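To start, the structure itself, in structure tokens.
The values are calculated or read from the model by the stated rules, or taken from the named source; none is laboratory data. A quick note: this is a predicted structure, and the numbers were derived from the prediction, not measured. Cβ sites come from the backbone with ideal geometry, for glycine too, and all protein chains shown count toward neighbours.
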Amino acid sequence: MIIDSHHHFWKYNETDYGWIGEDMHRLKMDFLPSDLEIEAKNTGVNGFITVQARQSLRETECLLELANQHEIIKGIVGWLPLTDDKLDEYLHKYSSGTYLKGLRHVLHDEADEEYMLRNDFNRGIAKLKSYKLSYDILIFEKHLPQTILFVDKHPEQVFILNHIAKPLIRNNILSPWKENIKELARRENVFCKISGMTTEAGVSNWSWEQLKPYLDVVLEAFGSDRILYGSDWPVCLLGCTYKDWFQGIQTILAPLSETEKMNIMGLNALKAYRIQN
């Protein structure tokens, strides 16, 4: 079973998606399940994990509604106010259904670079395990040292690192990202998504040769048991088509065994997000 562990939906408007800048005109349109179903048909992907793109309860509600309507959506990574005193109420309400599998907060947009170490934020994270929810970590590579401290506070919580921590690919800089990602990977409760890399490489002038050293580091650090394939569609369209990314990753993974490839391309997503196959 092939699972794309990272993509987004939206009905575009400038207010809700202010992060889509003037240089991202390709994204200033609607991207809906019917569009993604076409990509699935062209690549043989069997299911998708839909990830929040707005930090609002309404976003989570909308994504859960879509999951109830489209069989191809296997799970939702939503947003809930993790620092709110009413978090338990929200967790009970939204995790009572089938599809909420995890939460995410856009940490790398917080002015406080140590936001993840705040007491109120960590009190919220500590509640997720009881609801069998994972937590997706969205950071830049500069946040890796504090991310290691953050993860160490929750040794039994499943964490899923997004976009290999957004290293400085466009500048071909490996360190200190390389050393920090290897240290983070020593925590066996942390998974890592190979996704979002073309955006960090510069969109229009990237190459697979440029990405390969970063992919090699991640493959060595996390192994085939804790890496998840993800497209980051539709954001990936800034740098390549959905099919091109899918096929390129197949080429990168070609030297691996069939079992290792099956893990990365689907089974690990089912495991990390507790999805019944």
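Looking at Gly102, Gly21, which one is under 30 Å from Leu144 (Cα atoms), among the small types (Gly, Ala, Ser) and free of Cβ contacts under 8 Å to residues at least 12 places away in the same chain? Steps first, please.
Details: Gly102 fails: free of Cβ contacts under 8 Å to residues at least 12 places away in the same chain.
After applying the criteria, what remains is Gly21.
Of everything in region 260-277 that is surrounded by fewer than 15 Cβ atoms within 10 Å (Cβ to Cβ) and in contact with a helix residue (DSSP H, G or I) (Cβ under 9 Å, 6 or more places away or on another chain), the residue that is modelled with the lowest pLDDT is Asn277.
Can you tell which of Ile169, Ile181, Ile125 is closer than 19 Å to Tyr273 by Cβ and among the aliphatic types (A, V, I, L, M)? It would help to see each step written out before you state the result.
Numbers: Ile169 fails: closer than 19 Å to Tyr273 by Cβ; Ile181 fails: closer than 19 Å to Tyr273 by Cβ.
On inspection, the qualifying residue turns out to be Ile125.
The single condition among (1) more than 24 Å from Leu267 (Cα to Cα); (2) over 17 Å from the mean Cα position of the chain (by Cα); (3) not small (Gly, Ala, Ser) that Lys182 does not satisfy is (1).
Can you name every residue in region 1-53 that is assigned to a helix (DSSP H, G or I) and touching an Asp or Glu at 6+ places or on another chain (Cβ under 9 Å)?
The first filter runs over region 1-53 and keeps only residues assigned to a helix (DSSP H, G or I), leaving 25-27, 33-43.
Across region 1-53, the qualifying residues are Leu36, Glu39, Ala40, Thr43.
Taking region 231-257 as the range and being charged (D, E, K, R) and buried (at least 17 other Cβ atoms within 10 Å of the Cβ) as the test, only Asp232 passes. So the check is Cβ under 7 Å with 6+ separation or different chains; which pairs have a first residue in region 125-153 that's within 22 Å of Leu228 (Cα to Cα) and among the charged types (D, E, K, R) and a second one that's modelled with pLDDT of 95 or more and part of a loop (DSSP other than H, G, I, E, B)? Final answer for the pair search is Lys129/Glu156; Lys129/Gln157; Lys132/Arg274; Asp136/Asn162; Glu141/Lys166; Glu141/Pro167; Glu141/Leu168. Pairs meeting the criteria (first residue in region 173-191 and surrounded by fewer than 20 Cβ atoms within 10 Å (Cβ to Cβ), second residue of a type in the set (S, T, N, Q) and modelled with pLDDT of 95 or more, beta carbons under 7 Å, at least 6 apart or on different chains) are Asn189/Gln157.
Taking every residue in region 41-58 that is free of Cβ contacts under 8 Å to residues at least 60 places away in the same chain and closer than 20 Å to Tyr17 by Cβ and pairing it with any residue that is among the aliphatic types (A, V, I, L, M) and in a loop (DSSP other than H, G, I, E, B), at least 6 positions away or on another chain, the pairs with Cβ-Cβ distances below 9 Å are Phe48/Ile72; Gln52/Val106; Gln55/Val106; Leu57/Leu80. None of Tyr214, Tyr242 is in contact with a helix residue (DSSP H, G or I) (Cβ under 7 Å, 6 or more places away or on another chain), within 15 Å of Gly44 (Cβ to Cβ) and not polar (S, T, N, Q) except Tyr242.
Could we say that Leu228 is touching a helix residue (DSSP H, G or I) at 6+ places or on another chain (Cβ under 7 Å), buried (at least 19 other Cβ atoms within 10 Å of the Cβ) and over 26 Å from Trp10 (Cα atoms) here? When the stated conditions are applied, Leu228 does not pass them. If we scan region 93-104, do we find a residue that is among the hydroxyl-bearing types (Ser, Thr, Tyr), touching a strand residue (DSSP E or B) at 6+ places or on another chain (Cβ under 7 Å) and on the phi < 0 side of the Ramachandran plot? Looking through region 93-104, at least one residue is among the hydroxyl-bearing types (Ser, Thr, Tyr), touching a strand residue (DSSP E or B) at 6+ places or on another chain (Cβ under 7 Å) and on the phi < 0 side of the Ramachandran plot.
In region 252-277, the residues that are farther than 13 Å from Ile2 by Cα form Cβ pairs under 7 Å with partners that are basic (Lys, Arg) and in a loop (DSSP other than H, G, I, E, B), at six or more places apart or across chains, as follows: Arg274/Lys132. Does at least one position in region 62-83 carry a residue that is under 19 Å from the mean Cα position of the chain (by Cα), outside any strand (DSSP E or B), surrounded by 17 or more Cβ atoms within 10 Å (Cβ to Cβ) and touching a residue at least 60 places away in the same chain (Cβ under 8 Å)? Checked against the condition, which is being under 19 Å from the mean Cα position of the chain (by Cα), outside any strand (DSSP E or B), surrounded by 17 or more Cβ atoms within 10 Å (Cβ to Cβ) and touching a residue at least 60 places away in the same chain (Cβ under 8 Å), region 62-83 yields no hits at all.
Given the structure, is Arg187 among the basic types (Lys, Arg) and at positive phi? No; evaluated as a whole, the condition is false for this residue.
Entry remark, region 33-45: residues being surrounded by fewer than 15 Cβ atoms within 10 Å (Cβ to Cβ) and either within 18 Å of the chain's Cα centre (by Cα) or more than 14 Å from Phe9 (Cβ to Cβ) (or both) number 3 in total.
Here's the yes/no breakdown for (1) part of a helix (DSSP H, G or I); (2) under 26 Å from Ala67 (Cα atoms):
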| site | (1), (2) |
| --- | --- |
| Gly97 | no, yes |
| His108 | yes, no |
| Glu113 | no, no |
| Phe121 | yes, no |
| Lys127 | yes, yes |
| Ser130 | yes, yes |
